[in-house]
Each structure stands twice: as C-alpha cells, then as structure tokens.
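Below: the structure, in structure tokens.
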Amino acid sequence: MIPYIIHVGILITLCFLFYKILLERQTFFVLNRWFLLGCLVVSFLLPLMPVPQQWTFRNTERVEIAGVDKQVVGQQSPLQNQVTQKKNLHQINATQNSGWSISSTTIWAWVYYIYLFGVIVFGVNLLFQIAVLLYQSYGKSVVRDGKFRIVETGDKRAPCSFGNTIFINPGNYDWETYNQILQHEKIHVSQIHSLDILLAEFALVFQWFNPFAWLYRKNLENNLEFLTDNSVIQTEGIEKSGYQMSLLKVSAPHLPLGITTNYNQSLLKKRIVMMNGKKSSVHSVWKYFFLLPVLTLTVCLLNKPILSAQNKQPQKTPAVNPTPKPTQHRKVNISSGKVTFNGQIEGSWFATIKKDKISFEFKSDDGEHWNSNSEFNLIEFPDLPKNAKGTFKLTRDAGAATFEGKFDGDRGMGHFVFTADNSYKEFLDQQGFKGFDDQELFGCFLVNVTKDYVQMIKRNNVEGADKDNLIALAALEIDEPYIKSWKTLGYDDLNAENYITGKSLEIDGQYVKEIENAGYKNLEFDKLVSFKAMEIDGAYIQKLAKARPGTDLPSADQIISYKALEIDDAFVKQFVDAGYSDISYEDLTSLKSLGISASYIKGFEALGYKNIPIETIVSFKSLDIKPAFIKGFNDLGFKNIDLDEITSLKATGVTPEYVTSMRKKGFNSKDLNKYIQLKSSFE
C-alpha cells in the first residue's frame, strides 16, 4: 500500500486538476468554495477508508486459517509454536530488484527525516503567522463596528482581514474607496473566509513537498476573492465600475501575511474579468457530480482492501494458536535443543512443451497466494508420463520437486511437492546468504542457483550481493565473464544492482564502445543506463552532431532530455537552415516542448520580423501569438510594432477587434500603449 501522505497528495492533485479543467471558469463561487473545502477534507479522510474486496482493482490475498500440524521428537507434551507467514512467492523474472533492501532502508530514512523537517518548519511558520496576527489584533488600538474590529495601521500594507479583525490604513485612500474596502473585508469576515485559508495552510504543513497543494491553496484563495467581489457588486449603492476603479487604487507592493484574506491580489485582471463575465448556466452544474466516479476509481485503485478469510478445519490434531499461512506445510522438530525447519511447498503445475523446452506454471492450491512461470530444458525430464497419470522428479542443488500428473500431447498438468535441501540452506548461510525461507529456496530451485554459482559471486567480490538479489543475478545469467567484462571497461565499482540493471537492459561492452566512439567517453554507469533506456545509440548522436556542424556535443543530461522530447537531427536542422546556426541546446529543448517549428518563425519573417530572438519566439508561442494577430494591427495602420509591445498586447487581451470597437466608441489613438492602459484599467 502506498504511504498515506502520498495517497493524500494524489487525491489533492486530482481534485486540483478537476477544478482547474472543469470548474475554475464557472461563476458558482459559493459552490466552488464548498467544493474546494470538501475536496481538501476528503483528500485526508478517504485514504483511511478500507474498500470491500469485491470493489478493489488490486490483487488481494485470501487468508486461510488452518490448524498447525506439529511433530515433537523427544517430547510428550504438545508444542505450541506460531510460524509467522513469510512473504508470498511471486513470479520470478529478470526484473527482480537487486541489493535494494539494504540501501532503501537508509534512503527512506533520509526521505522521512527530510519530510519531517519540512513539516516542522512549515508548522512553526504557520504558528508564527498566527501569533503575529493575534499580537497585531489585540496589541494595537481598535475601532469597533458591530462585530467587526478595525485595526488602523500606519504603513502602506494592502488591506486584509483575519478572523473578525480588519487591518487597513485609512490615510492611503479617499473616503469612497475606503468604504468600499471595508465593505469588501467585512464580507470576508462575515463569511468566515479565514477558516478556508487556515485549512489550506494546515494542509500545506503536511503537503509542503507537493506543488499541486500550493496551487490548490492559491486557487482556493482566488475563488474567495471572486466570491467577495461578486457579493460587493451586488450590494446596494455600489457601482461595478467604481468598485473596479478602487481595486486599481489599492494596488500596493507590500503584501500582508499569507494566512490573511487580502483585498489586493496579483490576480487583479482575472478578478475584473470574472466580474464582467457572463454568469454560468445552471445546466453546467453537472460538472461537479463528475468528481464522484473519479474519486470512486481512486478508492478502487489505491485504498487498502478488506481481506477475506477462509476457515479450514485441521485434519489431525486440533488447531493450537491457528495462524494465517499459505499452502505451505512445515514440520517443526526439536533435536538436541535446536529447532530446524524441513519445508515443503506444494501446489498445482501446468506445462507446455515447445521443441526442446518445457514451460511450467506453478500455482498454490487455492490459486491466490502465489504463482510462478519458469522454463526448463526438456532434457531434464526424461520420464514424462504420456497419456497416463504418473510421477516424475527434478533434483537440483536447492532441493527436489516431485511431480504427479500426466501429459496429453504437448500439454500437461498435475500436482507437485518441492522439498528444500537443508544442506543447501546451510551452504548459503556459510557463504553469507542467510535467512532463506522455503519459498525463496523454491525460487533458487526454479532458476537453478547452484553452489558453484554462489561461489563464483563470492569469488568476484560482487558488492551488495545478498539473499534479496541472488535469485535475480542467477535468473539473468550474470556470469563471471560478464562481471569481468565491466572491470575491463574500467567500471570496477559496480554492485549487484548495477549488474542486474545492465544485464536487464542488455548493456554490454559493444554498446559502451559505440557510445564512446560517438563522443561520450567515461560515462558514469547511471548515465549509460539512461542512454540505453532511452534507446540512445551512436547513430542518433552522430546525426545530431551532423545537424549542428562545428559545435560541441550536448552534455549527457541534455541528450537524454533530447531523446525524451523526441528531438532528432531533422528538428535541429530546420532551425539551422532558418538562420539559427548557433542555437543552444537549451533553446532547442524549449522550442520542442512548445511545439515550435521553423515554419512558425517564417510566418513572422513574412511580416518583416527577421532574426527574432529565440526567447521572443518562445514567449510568442506561450501566449499563442500568431502572425495573423500582428497582421490584424498592421491592417489598422499600426506598422513596425515592437516585439515587446506585441507581447504586451497579447498579455493584456488587446486585439485588433478591441481596437476597432474602441474606435467606434470614440477612443482613437495612434499609440497602442493607450489601448493597453485602457484595457488594463477598465475591463
């Protein structure tokens, strides 16, 4: 199960994206407020709710309760012993992580300490802000206006409120503006908006690492401003245009504390747009209900399922301290005071013969606890029962498996029992691979981890080799020549995890030489892994270099980013041919990320804009500025518009259509900056 705090972060992120995509532009500000508050609370509570097993999409484990059959040697009284269920045997494959159990303990410990440090820092910061506000609220003179407490400050800080206290400097505003500010802040107080902000800040204390939590808090505060603005303009005696003008007058660089509700915000333009925008139709309310199936899906995917249990009666002696356990029978023997385990694992097998190979699928008897697929050489099974039930056996260093069943043609099925070799387990202990249980020994049997192989690993001093990755090393056939080949290449400090990763990705000496010949010598192993995972080969590197002749190759990290963004030589060459021969790798990344092509630039060149800086091109694309946008102003008589001015026009929403409409209303200027000022101030 994923950690609780990560689960909460996922839900907050989903709720934020849902709000941003579907609800932000809706003018149901009150509904949006309760939506944002509700989602915040649900995000912290929903992960605590277990889900019925039939609802979950996760693989669940049915626990079988059985009696424990114990055999006591040299004792007459019954032995009461509880055998703890070990981890389930899953499919053994080449992707088994190596050496991770040791390193992950340290890594996750550091992650926990860093997270805890962040919680403490942000928690103390929140308490400090509250303490400062309480001091300012009750440590200064107050003017009472009914239930409202007005603290008159002496600085240029923007007006704000917290609880039932309003902070404002009356000397900064004329009487009409001052009254409208008070009306605005009184609505914040009356509707208890401080509670929303405090809840969002509390969430940030525990979600400080989540960027979407910060965006969530910002959008929650923005909606409170929309809600308050809407309430103010509906107040009798307040004109919308006059109120909007007061917003402009209150613009100030000094921001109040983060846990206050602020009269002045950086979202001034958006607030004015929302006040003037068309009210949302009641028919769009359906969008809010669409969150329910989304949250239901997350519950089925992420929440912990309720385990079901199946009771099974013991066949011999009554159960003593029954414990959950898989289909695995253990006999506990006491001899000379020493407890040993002679384990057996049994289940069903299904096999298919293909040429000289035979593929087995092993399952537990109830089909729930574990399963594994393994392939063997057919020559290892000389006595397969054909068309009649029979018994055959396979013996390896780790133990022996006895099979019962039959084959019809190339397919067979039946029952098996695996018995671990106790001397093999003792050998592993002596070699330093301690702690193997019967299930893990069965894994050693399936991939044929021989004693010679274990000795080879020890002989080559493979760092980090332990019981958690020994099976993976053998399954991937990481042999002595492979280990020595890396040392020959100069990689003397690789560990077991590195070997497993390299073999899984088929990184060998030939690939390393290919990358070196392309210009990347002495790469760190992690970079080689990234190169191979991204399918970066010598041909790709050489084509990129040819597209930008006379320039240095990008760094290893840069070329990895290139491949991730699917930047190829054709993409680079189009900009070189367009005159950007010295284009940087960072600029190419920005261009690709925004989907900018050379044809986009040529559209501006046709209007007379030559050699446009890449930074400007990126800004144009980010603002969705197209050549037709500029041409529209040209047709109105505005020629040779400055590049920065074009950006300002688009950013403020000044379009050729807007200029035309203002001219019809009598506002006619040859200076486009006048239209920008007009648009920013009154619309």
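The values are calculated or read from the model by the stated rules, or taken from the named source; none is laboratory data. Since this is a predicted model, take the numbers as computed values, not measurements. So basically every Cβ, Gly included, is an ideal-geometry build from the backbone, and we count neighbours across all protein chains shown.
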### Message
So if I check each of 432, 367, which one is among the small types (Gly, Ala, Ser), modelled with pLDDT under 90, at positive phi and out of contact with any strand residue (DSSP E or B) (no Cβ under 6 Å at 6 or more places or on another chain)?
### Response
367
### Query
Out of the residues in segment 474-514 that are hydrophobic (A, V, I, L, M, F, W, C), over 22 Å from residue 433 (Cα atoms) and over 31 Å from the mean Cα position of the chain (by Cα), which is surrounded by the fewest Cβ atoms within 10 Å (Cβ to Cβ)?
489
### Message
Scan segment 601-615 and tell me whether some residue there is under 28 Å from residue 519 (Cβ atoms), surrounded by 13 or more Cβ atoms within 10 Å (Cβ to Cβ) and not polar (S, T, N, Q).
### Response
yes
### Message
Would you confirm whether or not segment 419-426 contains a residue that is more than 42 Å from the chain's Cα centre (by Cα), surrounded by 13 or more Cβ atoms within 10 Å (Cβ to Cβ) and among the aliphatic types (A, V, I, L, M)?
### Response
no
### Query
Considering 520, 540, which residue is surrounded by 16 or more Cβ atoms within 10 Å (Cβ to Cβ), over 23 Å from residue 490 (Cα atoms) and within 33 Å of the chain's Cα centre (by Cα)?
540
### Query
Considering only residues of segment 200-224 that are buried (at least 17 other Cβ atoms within 10 Å of the Cβ) and aliphatic (A, V, I, L, M), which is nearest to residue 14 (Cα to Cα)?
213
### Query
Of the residues in segment 374-395, how many are small (Gly, Ala, Ser) and in contact with a helix residue (DSSP H, G or I) (Cβ under 7 Å, 6 or more places away or on another chain)?
1
### Query
Do we have any residue at all in segment 650-662 that's in a helix (DSSP H, G or I), surrounded by 13 or more Cβ atoms within 10 Å (Cβ to Cβ) and of a type in the set (Gly, Ala, Ser)?
yes
### Task
Return a yes/no flag: does segment 660-670 have any residue that is at pLDDT 90 or above and closer than 18 Å to residue 604 by Cα.
no
### Hits in segment 603-638 - residues which are of a type outside the set (A, V, I, L, M) and within 18 Å of residue 590 (Cα to Cα)
611, 613, 615, 616, 619, 620, 621, 622, 624, 626
### Task
Could you look through segment 165-207, keep only residues that are under 25 Å from residue 31 (Cβ atoms) and assigned to a loop (DSSP other than H, G, I, E, B), and pick out the one that is farthest from the chain's Cα centre (by Cα)?
191
### Complete set of residues in segment 351-365 that are more than 38 Å from the chain's Cα centre (by Cα) and either assigned to a strand (DSSP E or B) or surrounded by 15 or more Cβ atoms within 10 Å (Cβ to Cβ) (or both)
351, 352, 353, 354, 357, 358
### Query
Restricting to segment 511-560, what's the tally of residues that are of a type in the set (Val, Ile, Thr) and in a loop (DSSP other than H, G, I, E, B)?
2
